[in-house]
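One structure is given here, and the rest of the page talks about it.
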Amino acid sequence: MVEVMIETLVVGMPPSPSVVVLRPVKESDADNILVLPIWIGPTEAAAIGIALEGQPHIRPMTHDLLATVIYALRGEVERVVIDRVEGSTFFATIHLKVAEEILHIDARPSDSIALAVRTHSPLFVDEDVLNASSFPYIFAPHADKESAMEEFRSFLDSISPEDFEV
């Protein structure tokens, strides 16, 4: 398993897709940075974005409610693992620790990521999934952040979910 972080989140307005882009926390080769784009729904993208920004809501959103229930039951999200890909569909497992027992809960990656961000839990990708579905992305070493992000958005616009079909 490879620990990853959210590199960027692009929230698309329907009919445009949204995408969350993950990147390994520790790069094995600074000249070959891998990114893993996962297409998600706009509602799920908004839920992740709200959690990343740390903006509280007047009333709990679904992922906030789930985190509250987990804590109320004296549980904790040990980690989230994106552990499988079939075609362009990714699968995730929430590793939930309750009373010294680890429960494995099947979930969509988007919901799992939204929960992981809210609970400050580590996010992992199975190495086989990362190898099969990631893309190399190289940031120019002296490029300014704005031009690097524009180049990255252009990269995202050029790929589609079909590119992930194995």
Next item on the list: Inspect region 105-120 for any residue being aliphatic (A, V, I, L, M), within 14 Å of residue 70 (Cα to Cα), modelled with pLDDT of 95 or more and over 12 Å from the mean Cα position of the chain (by Cα) and give the result as yes or no.
Entry: yes
Checklist line | Flag if residue 69 is within 27 Å of residue 137 (Cβ to Cβ) and among the aliphatic types (A, V, I, L, M) | finding: no
Notebook entry, point to check: Hey, among the residues in region 121-141 that are at pLDDT below 95 and of a type in the set (Phe, Trp, Tyr), which one's surrounded by the most Cβ atoms within 10 Å (Cβ to Cβ)?
Noted result: 137
Next item on the list: Search region 94-120 for residues that are within 23 Å of residue 42 (Cβ to Cβ) and pair each with any residue that is of a type in the set (Phe, Trp, Tyr) when their beta-carbon atoms are under 6 Å apart and the residues are at least 6 apart or on different chains.
Entry: 109/90
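The values are calculated or read from the model by the stated rules, or taken from the named source; none is laboratory data. Just so it is clear, the structure is predicted and the values come from calculations on it, not from any experiment. Note that we place each Cβ from the backbone using ideal geometry, even for glycine, and neighbour counts take in every protein chain shown.
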